[in-house]
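The structure appears below as structure tokens.
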Amino acid sequence: LHFIKQIKTRKATRFSMQIIFYIPEVNHPQQWLDALRAQLPQATLRYWQPGDTEPADYAIVWAPPLEMLQTRNELKAIFLLGAGADSIMQIAAQLPAGVPVVRIEDAGMGAQMAEYVSYAVLRYFRCFDDYARLQAERQWEWHRPQERHKKDFSVAVLGMGVLGTHIIAQLLQLGFPVNGWSRSPKQMDGVQSFSGSDGLRACLSQSQVVVCILPLTPETTGILNRDTLVQLPRGAYVINVARGKHLIENDLLELVQSGHIAGATLDVFQQEPLPPEHAFWLEPRITVTPHIAARSLIQLSTAQLGAKIRGMAAGIAPSGVVDFTKGY
Ligand code: NDP
Ligand code: OXD
């Protein structure tokens, strides 16, 4: 009987799905592991430690050490715990060839992004940033530039993918005209669609706010720079919720100081955490948040991962596979 049990256990171990998992300690790995185990009770999940070369079917990762993935040709997929694939793309050449990389799609991030951006746009439209400064000076002052009408306060949304679409829907609901820019032209009700570099110029020149929600790729790195930002009308605003490397920070600072850009709300930076000596901290027209525009939510993200992995095990290809040629 003991012998039969042993064979059964061995078989179960051999045939059970093996998943290796890694996120940096600060991101609470245990909470993620517990939620993933609830989603995938049939799987054997382990937190990857240096030196672990035991086989695995899937890897679920955020900011993984290269050593974890480099030689794992046996993987059926690498799942990211976030929407952006830029950091994994940086090590793409060293990843096992042919293993798909799958990112999180929405899973509650769309709603968070829409809230963050709407809040910032309303703040600028209603001049709440000016009132905050006036309060600091104890000034009771009606600040009325000219009357502002939403129809004259267009928002350019760079990136019309999963998250950009949520932002656009919310802005339209609030009554702001939206100009969208994407690689391929889009048909979206109520949105003027632009693409290409001429399209970017046209899109910016008719927008009072620019929102960046692009993936970081070689083509989009540094896309918010002096040349593009001066295409916005004087007094426009910048919101970056994508990646810090989209923005040339000194160019923005100079344009804010010259008055061409009236204010900026930035969630992402060239260097994170933003160094204490960075000029953005002390510039009253720049609002800084610590990369929180949209967090990967544990319950919704693990539910999505569980569904995709169960689907793959049943032969269904997952959505959200990163296109290595496009870089996102
Ligand atoms: P998607 O891949 O769904 O959408 C990307 C969009 O960008 C698409 O519309 C795409 O065009 C467009 N695009 C890509 N390259 C270009 C280009 N060269 N020129 C014009 N348009 C381009 O991504 P998501 O919406 O899911 O996420 C976007 C980014 O948001 C992530 O990559 C990540 O960096 C960032 N992010 C930031 C977070 C934060 O908290 N700050 C949280 C989560 C994500 P097309 O439709 O034609 O393919
Ligand atoms: C992401 C992020 O890409 O959190 O998901 O920035």
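Numbers at a glance
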item	result
Of all residues in segment 47-72 being among the aromatic types (Phe, Trp, Tyr) and open to solvent by 20 Å² or more (accessible area, probe 1.4 Å), the one that is nearest to ligand 2 (Cβ to nearest atom)	TRP62
Matching residues, segment 120-137, being touching a helix residue (DSSP H, G or I) at 6+ places or on another chain (Cβ under 9 Å) and assigned to a loop (DSSP other than H, G, I, E, B)	none
Selection status of ARG295, modelled with pLDDT of 95 or more and touching a Gly at 6+ places or on another chain (Cβ under 7 Å)	no
Selection status of PHE128, among the aromatic types (Phe, Trp, Tyr), crowded, with 22+ Cβ neighbours inside 10 Å and out of contact with any Pro (no Cβ under 6 Å at 6 or more places or on another chain)	no
Contacts under 7 angstrom Cβ, first residue in segment 175-190 being at negative phi and β-branched (Val, Ile, Thr), partner open to solvent by 30 Å² or more (accessible area, probe 1.4 Å) and not in a loop (DSSP other than H, G, I, E, B), 6 or more apart	VAL178/LEU172
Residue ID - farthest from ligand 1 (Cβ to nearest atom), chosen from residues in segment 73-114 that are surrounded by fewer than 20 Cβ atoms within 10 Å (Cβ to Cβ) and among the β-branched types (Val, Ile, Thr)	VAL99
Tally of residues being open to solvent by less than 20 Å² (accessible area, probe 1.4 Å) and assigned to a loop (DSSP other than H, G, I, E, B) across segment 311-328	3
First in segment 254-280 and touching a residue at least 60 places away in the same chain (Cβ under 8 Å) and in a loop (DSSP other than H, G, I, E, B), second anywhere and among the small types (Gly, Ala, Ser) and crowded, with 19+ Cβ neighbours inside 10 Å, Cβ under 9 Å, 6 or more apart	ASP267/ALA242; ASP267/ALA293; ASP267/ALA294
Of all residues making up segment 73-111, the number that are near ligand 2 (Cβ under 10 Å from one of its atoms) and not β-branched (Val, Ile, Thr)	11
All positions within segment 276-310 that are out of contact with any Lys or Arg (no Cβ under 9 Å at 6 or more places or on another chain), surrounded by fewer than 12 Cβ atoms within 10 Å (Cβ to Cβ) and not acidic (Asp, Glu)	PRO276, TRP281, LEU282, PRO290, ILE292
All strands (runs of 3 or more DSSP E) inside segment 165-220 with 1 or more residues being surrounded by 21 or more Cβ atoms within 10 Å (Cβ to Cβ) and more than 15 Å from ligand 1 (Cβ to nearest atom)	209-212
Yes/no for GLU147 being over 30 Å from GLU74 (Cα atoms), acidic (Asp, Glu) and not in a loop (DSSP other than H, G, I, E, B)	no
Residue in segment 286-293 that is in a strand (DSSP E or B), without any contact (Cβ under 8 Å) to a residue 60 or more places away in the chain and not basic (Lys, Arg) present	yes
Out of VAL117, VAL99, sole residue that is in a loop (DSSP other than H, G, I, E, B), modelled with pLDDT of 95 or more, among the β-branched types (Val, Ile, Thr) and touching a strand residue (DSSP E or B) at 6+ places or on another chain (Cβ under 8 Å)	VAL99
Qualifying positions in segment 30-46 - open to solvent by 90 Å² or more (accessible area, probe 1.4 Å) and free of Cβ contacts under 8 Å to residues at least 12 places away in the same chain	GLN30, ARG37, PRO41
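The values are calculated or read from the model by the stated rules, or taken from the named source; none is laboratory data. What you are looking at is a predicted structure, and each value in this text was computed from that prediction instead of being measured. Virtual Cβ from ideal backbone geometry, glycine too; neighbours counted across all protein chains shown. Protein only, heavy atoms only, side chains kept; ligands, DNA and RNA dropped before computing areas. Shrake-Rupley method; radii C 1.70, N 1.55, O 1.52, S 1.80 Å.
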